[in-house]
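To keep things clear, I will list the structure first and then write my remarks on it.
The values are calculated or read from the model by the stated rules, or taken from the named source; none is laboratory data. Note that the coordinates shown come from a computational prediction; the quantities given were computed from them, not determined experimentally. When we count neighbours, we look across all protein chains shown, and the Cβ atoms used for this are built from the backbone with ideal geometry, even at glycine. What goes into the accessible areas is simple: the full protein's heavy atoms, side chains included, and nothing from ligands, DNA or RNA. Shrake-Rupley method; radii C 1.70, N 1.55, O 1.52, S 1.80 Å.
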Amino acid sequence: MSAAEPPREYRLLGGRIPYVEGPLKVTGRAEYTDDIKRPGMLVGGLLRSPWPHARLRAVDVTKARAMPGVYAVLTGDRYPTPFGVLPITHDETAIAVGKARYIGDIVAAVAASDERTAEAALAAIRVEVDPLPEYADPQMGLGPVAEPIHARGLAGSNIQKEVVQHFGDVDAAFALARHAIRVRGNFAGVTHGFTEPMATIAEATPDGRLTVWSATQVPHYLHRALSEVLGIPMHRIRVIKPEVGGGFGGKSDPLPHEIVCAALALETGRPVKIRFDREDVFLTNHGRHPTQNEVRIAADAEGKILAYDIQAVIDGGAWSSFGTVTTYYNGVLAMGPYRVPNFRYRGRRVYTNKPPSGAMRAHGGTNIRYSVEVALDELAEAVGVDPFDLRARNALPPHSTTVNEFRITSTSFRACLAASRSKSGWDGKFRKLPYGEGIGLGAGFYISGSNSPIHFTPKMPQCTVHLKVDMDGGIAVHCMQADIGQGSNTLLAAIVAEVVGADLERVHVIRVDSDVSPVDLGSYSSRVTFMMGNAARRAAEDLKGQLLRAASELTGHPVDQLVVGHERIEVRHRPDRSVSFLEALHKAMEKVGALTATGAYSSPPMGGTFKGARAGTAPAYSFAAYVAQVRVDAETGVFQVDHVWAAFDCGRVLNRLAVEGQIEGSVHMGLGQLMGESMNYRTTRLMNPSLLEYKILAPQQMPKVDCLLVGEDDPEGPFGAKEAGEGPLVATLPAVANALYDAVGVRFYDLPITPDKVVKGIEERRRSGRAWKGE
């Protein structure tokens with residue numbers, strides 16, 4: 001549900017634009033990786049380690065190779081080159097080399113004629129190991145250990161990355177503070193829960209080329225990794241991204257099975273498919289890191305923030321993945337939406353013998369935001385001010401710079417606060433609802449794309465868009481941005497159509513294919529709207545210029561007297577003097593044939609010169625202020641979130657339908673982490689690797705959501721837009737936690753918040769003698 005829609009300035013943008021691929025999806029005609037059939041295709045199978053940490057003494061594949069119907073068997077020594085999504089942390093291999101590092105690590109792979117034969121071949125492989133020490137708790141790896149999981153661990157420990165930052169003088173700020181609040185948060189790991197399991201098809205052809213179809217969020221990173229590990233030049237590899245059934249960050253790394261599938265295709269000369277079941281997805285993971293954090297906030301007597309002092313220990317699992325970035329984000333993304341003059345952070349990401357953690361929607365920003373917002377609620381109570389007033393008086397102003405040199409351009413955070421306060425009826429409810437009912441506030445802040453690309457060579461734009469228009473009048477759009485269900489193809493088409501005045505049906509976004517799609521860095525870090533949107537607009541302006549020059553020749557009027565209308569180019573103030581889109585197109589084609597146009601985007605330089613200065617820098621940031629209203633059964637601990645008022649600043653809304661969908665989906669995902677989702681381990685063994693046992697929020701638990709879109713235009717965003725993909729999630733969790741406190745007088749620092757924890761908290765409060773709301 002959304003507030004009343006404002007008047008629209010543009011013909012398409014700002015409206016509710018149905019997804020261009022919608023008809024294919026709802027009729028079952030959209031093509032996903034698993035739908036693709038290739039002649040003579042083999043089935044790929046993976047042998048996974050049952051050991052959490054073990055040295056591989058021998059992997060005997062003799063019997064498997066001799067079996068009828070088995071075409072290839074691979075072990076780690078065939079393609080041992082390490083890889084990873086970040087160039088600075090290549091610690092993964094396609095198949096385990098030397099040792100297995102978690103239960104689920106791939107130790108061998110086969111390609112066979114059918115699934116049953118592949119399973120039999122895997123069962124015939126004999127593996128001899130020497131068990132190694134098992135590290136289940138990141139605290140175990142903070143100092144030197146007997147057998148580091150990776151040799152690159154810091155000083156003989158299992159620490160993968162340590163970040164230490166200090167701006168200003170935190171100790172002096174705490175010495176002057178009237179109020180000091182401390183929150184210690186503990187967060188279970190959660191996974192993405194996307195609908196489509198991973199799937200990859202690879203085919204090596206006699207012309208020396210390798211084609212890979214895969215459910216990936218970042219085709220370019222997969223393209224690079226395939227080249228590095230397989231030793232094949234990138235120009236001989238073709239990566240195609242079919243439709244993707246959700247990702248949320250879990251398909252943004254190049255993954256081992258993708259490389260294994262390609263290797264099997266090279267070995268056999270036949271197409272090979274690897275398709276995961278749900279347990280495989282859980283074991284591949286790359287979900288949100290289990291985290292222990294501590295947030296200390298210093299404030300003066302009026303609640304003005306003087307300092308943050310933050311520590312985090314992050315469970316990285318077996319590999320680095322995006323972990324270096326996540327380690328920084330667990331600190332620096334605490335900066336907004338408030339002015340913090342003094343800041344100190346120490347973050348340590350530690351390898352454990354668990355499935356790898358990685359990037360999950362709002363990675364690095366979700367858990368720290370929870371602890372900060374709960375601490376601010378406690379601060380407001382200590383100061384004796386309303387939580388809204390506390391946040392408003394500390395809000396970052398527009399066109400400002402944070403103490404760690406984040407550049408803030410537009411911010412409508414105060415408007416977010418005003419909208420959610422008004423629409424929720426906060427002033428008539430806060431601390432006034434009956435016992436068991438409560439209302440709470442949480443705020444959010446997130447990047448609109450990472451300012452710094454992961455790869456620095458070769459130097460190139462962060463996004464490029466190509467357009468091609470031939471005599472038929474259809475506009476083909478080529479870009480490697482990855483639509484994973486969030487509607488980016490629709491936005492890409494709508495921007496082009498808006499600029500050139502064409503019907504949306506004229507614009508055709510071509511499936512991502514590295515042979516024809518110019519490089520874009522993929523769908524992660526909420527970068528697509530801002531970066532692809534700017535590139536698309538520039539490409540469309542290029543095309544519009546060519547059409548305007550042709551229309552000038554046809555009308556005899558200079559270009560500066562022409563305006564683009566709907567399917568027409570008109571002389572300003574002379575609507576009778578116009579030419580159609582096709583007339584202008586055909587005139588422009590007379591000498592050059594099909595028209596082509598290009599647009600590109602690179603974010604401007606920003607950030608400081610200290611180590612890690614680029615982490616968290618972005619061309620713009622989103623802001624949020626959410627209010628949640630809850631009901632709690634104090635006897636059973638069961639609670640229901642009835643209503644969420646989600647005030648969000650994404651700049652100008654370009655597709656209202658998509659933005660509302662992102663907000664509602666983010667609320668659902670945030671509530672899942674808060675209310676029940678948890679990857680449960682017995683030491684290092686994952687005990688709930690299925691959607692039956694992993695508790696995603698049920699439909700009847702979903703609250704009513706009011707989407708309050710209040711952002712003003714960002715000066716650098718496309719048409720003034722900013723991100724709305726990850727930022728809408730982070731405010732959800734603390735808003736509900738603070739509402740639970742209002743309802744029953746209990747603070748919750750461990751997630752998920754399950755009914756048993758609610759009952760225990762109420763009992764402990766009662767034993768302490770502290771009554772709540774006249775209970």
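In the range 1-133, taking the dipole from charged Cβ atoms about the Cα centre, the farthest positive-side position among Ala111, Pro18, Ile95 is held by Ala111.
Is the range 394-493 best put as rounded, prolate or oblate by its Cα gyration tensor, with a ≥ b ≥ c the root eigenvalues, rounded for a/c under 1.5, and otherwise prolate when a/b is larger than b/c, oblate when not?
On the way: a/c = 3.17, a/b = 1.87, b/c = 1.70.
Taking the square roots of the gyration eigenvalues as a ≥ b ≥ c, the range 394-493 is prolate.
When peptides 390-401, 576-587 are ranked by their average number of other Cβ atoms within 10 Å per residue, the highest-first order is 576-587, 390-401. A 1.4 Å probe run over the protein chains yields, for the range 176-227, 32 Å² of accessible area per residue, whole-number rounding. Amide H to amide H distances under 5 Å link Asp642 with Gln629, Val630, Arg631, where only residues 5 or more positions off or on other chains count and H is placed in the peptide plane.
Computed over neighbours whose Cβ is under 10 Å from that of Ile125, the net charge equals +2, Lys and Arg +1, Asp and Glu -1. Under a 5 Å amide H cut-off, with hydrogens placed 1.01 Å from N, Ala502 pairs with Glu567 among residues at least 5 apart or on other chains.
Taking the Cα centre of the chain as reference, the dipole from Cβ charges on Lys and Arg (+1) and Asp and Glu (-1) amounts to some 800 debye.
Overall, the anisotropy analysis places the chain in the oblate class: the square-rooted eigenvalues a ≥ b ≥ c of its C-alpha gyration tensor yield a/c not less than 1.5, with a/b not exceeding b/c.
On the basis of the beta-carbon distance and an R0 of 41 Å, Arg577 and Ser400 show a calculated FRET efficiency of 0.25.
Cα gyration tensor of the range 545-633, axes a ≥ b ≥ c as square roots of the eigenvalues: rounded (a/c below 1.5), prolate (a/b > b/c) or oblate? Prolate.
Given Cα pairs under 8 Å that are at least 6 residues apart, what percent is the relative contact order of the range 223-329?
18
Computed from backbone phi, the HN-Hα couplings of the range 340-354 come to 10, x, 9, 8, 9, 8, 10, x, 10, 9, 10, 5, 9, 8, 10 Hz, rounded to whole numbers (Karplus: 6.51 cos²θ - 1.76 cosθ + 1.60, θ = phi - 60°; Gly and Pro given as x). A Förster radius of 45 Å combined with the Cβ-Cβ distance from Thr457 to Ala698 puts the calculated FRET efficiency at roughly 0.40.
With both labels modelled 7 Å from their Cα along Cα-to-Cβ, the Glu763 to Glu541 distance reads 6.5 nm. For the peptides 480-489, 456-465, the ranking by packing is 480-489, 456-465, with the highest mean count of neighbouring Cβ atoms within 10 Å listed first. For the chain, averaging the sequence separation of C-alpha pairs within contact (under 8 Å, six or more residues apart) and dividing by the residue count gives a relative contact order of 16 percent. On a per residue basis, the range 27-127 carries 45 Å² of accessible surface, using protein heavy atoms and a 1.4 Å probe.
Considering only alpha-carbon pairs that sit under 8 angstrom and 6 or more positions apart, the relative contact order computed for the range 448-576 is 29 percent.
Counting only protein chain heavy atoms and rolling a 1.4 Å probe, the accessible areas of Met687, Met675 rank, largest first, as Met687, Met675.
Accessible surface for Glu437 stands near 60 Å², nearest 10, in the context of the full protein assembly shown (1.4 Å probe). With a Förster radius of 56 Å applied to the beta-carbon distance between Asp470 and Lys611, the computed FRET efficiency rounds to 0.65.
Take the Cα of Ala58, step 7 Å toward its Cβ, do the same at Glu590, and the gap between the two points is 8.1 nm. In this Cβ point-charge picture (+1 for Lys and Arg, -1 for Asp and Glu), the range 532-627 has a dipole of about 380 debye about its Cα centre. Here the chain exposes an accessible surface that is 52 percent carbon and sulfur, computed with a 1.4 Å probe and the other protein chains kept in place. Packing, taken as the mean count of other beta carbons within 10 Å per residue, orders the peptides 210-223, 59-72 from highest to lowest as 210-223, 59-72.
Scalar couplings 3J(HN,Hα) for the range 252-262, obtained by applying the Karplus form with A = 6.51, B = -1.76, C = 1.60 to θ = phi - 60°, are 9, 7, x, 10, x, 5, 5, 6, 4, 4, 5 Hz; x denotes Gly and Pro. Take the range 710-767 with all the other protein chains still there, run a 1.4 Å probe, and you get 29 Å² of accessible area per residue.
Close amide H partners of Lys99, meaning residues 5 or more places away or on another chain with modelled amide H under 5 Å apart, are Leu56. Model label points for Arg393 and Thr27, set 7 angstrom from Cα along the Cα-to-Cβ axis, are 6.1 nm apart.
In sequence order, the range 8-24 has phi-based couplings of 9, 8, 10, 5, 10, 5, x, x, 9, 9, x, 5, 5, 8, x, x, 5 Hz under the Karplus curve 6.51 cos²θ - 1.76 cosθ + 1.60, θ = phi - 60°, and Gly or Pro positions carry x.
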